[in-house]
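**Q** I'd like to ask some things about the structure below.
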């Protein structure tokens, strides 16, 4: 009699455990995308903090930049005098279908209110150990050249076409800075880098910085 009761208790326990596991599995499957999103966000934040801590002492550059979310409900086209055909190179980011030219630093239209802007303090892509820094607005206006940057993640790639060469970069860090007219750029000074700066999606108080490191150069 005692043996039968023991078997009954064991079976009930197993059923409870199995049932609980099935509920947990069902919950995880149902909320998989959300859990994955949270996990990625936590991972990216940890990686960002590690990167900033390891590079903070090596190199921290403060640059003056002020980008915004530009809204244009009419989706109007650029004015004719905004257009300058004398591009010296192009930025391409395949993941977000971005292919946009940039102008020389001396051009009147090298400004976020006209184009993707090369910051004055920026090096050009062919400078070894340099930092090519581009800024642009986001939003839904014709000026919002960086409106889809928020879709990028660590490991995504970008290309810069400059002086008959293609410079291939990979995103190694994404972080935010308070929107106060300048941002701090954290990078490894021993690496050749590309920095992209735009306003943060759905956040008027911060700007987002994307740090990319050079992974290869091709001739075209």
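The values are calculated or read from the model by the stated rules, or taken from the named source; none is laboratory data. This is a predicted model, so every value here is computed, not measured. Note that we place each Cβ from the backbone using ideal geometry, even for glycine, and neighbour counts take in every protein chain shown.
**Q** Determine which single condition residue 139 fails, assuming it passes every other condition in (1) at pLDDT 90 or above; (2) at positive phi; (3) surrounded by 18 or more Cβ atoms within 10 Å (Cβ to Cβ).
**A** (1)
**Q** Could you please find all residues in the range 67-110 being at pLDDT below 90, surrounded by fewer than 18 Cβ atoms within 10 Å (Cβ to Cβ) and touching a strand residue (DSSP E or B) at 6+ places or on another chain (Cβ under 7 Å)?
**A** If the condition is that a residue be at pLDDT below 90, surrounded by fewer than 18 Cβ atoms within 10 Å (Cβ to Cβ) and touching a strand residue (DSSP E or B) at 6+ places or on another chain (Cβ under 7 Å), then 71 is the only one that fits.
**Q** What tally of residues in the range 196-207 results from selecting those that are surrounded by fewer than 23 Cβ atoms within 10 Å (Cβ to Cβ) and outside any loop (DSSP other than H, G, I, E, B)?
**A** Residues in the range 196-207 being surrounded by fewer than 23 Cβ atoms within 10 Å (Cβ to Cβ) and outside any loop (DSSP other than H, G, I, E, B): 1 in total.
**Q** Could you check the range 174-195 and list, in sequence order, the residues that are in a strand (DSSP E or B) and crowded, with 19+ Cβ neighbours inside 10 Å?
**A** Hits for the range 174-195 are 174, 175, 183, 185, 186, 193, 194, 195.
**Q** Right, next: Scan 171, 133, 121 and give me the residue that is touching a residue at least 60 places away in the same chain (Cβ under 8 Å), outside any helix (DSSP H, G or I), surrounded by fewer than 22 Cβ atoms within 10 Å (Cβ to Cβ) and touching a strand residue (DSSP E or B) at 6+ places or on another chain (Cβ under 8 Å).
**A** 121
**Q** For residues that are out of contact with any helix residue (DSSP H, G or I) (no Cβ under 7 Å at 6 or more places or on another chain), within 29 Å of residue 204 (Cβ to Cβ) and touching a residue at least 60 places away in the same chain (Cβ under 8 Å), tally how many sit in the range 174-189.
**A** Qualifying residue count, the range 174-189: 6.
**Q** Tell me which residues, restricted to the range 147-168, are within 13 Å of residue 194 (Cβ to Cβ) and outside any strand (DSSP E or B).
**A** Answer for the range 147-168, where residues must be within 13 Å of residue 194 (Cβ to Cβ) and outside any strand (DSSP E or B): 149, 152, 156.
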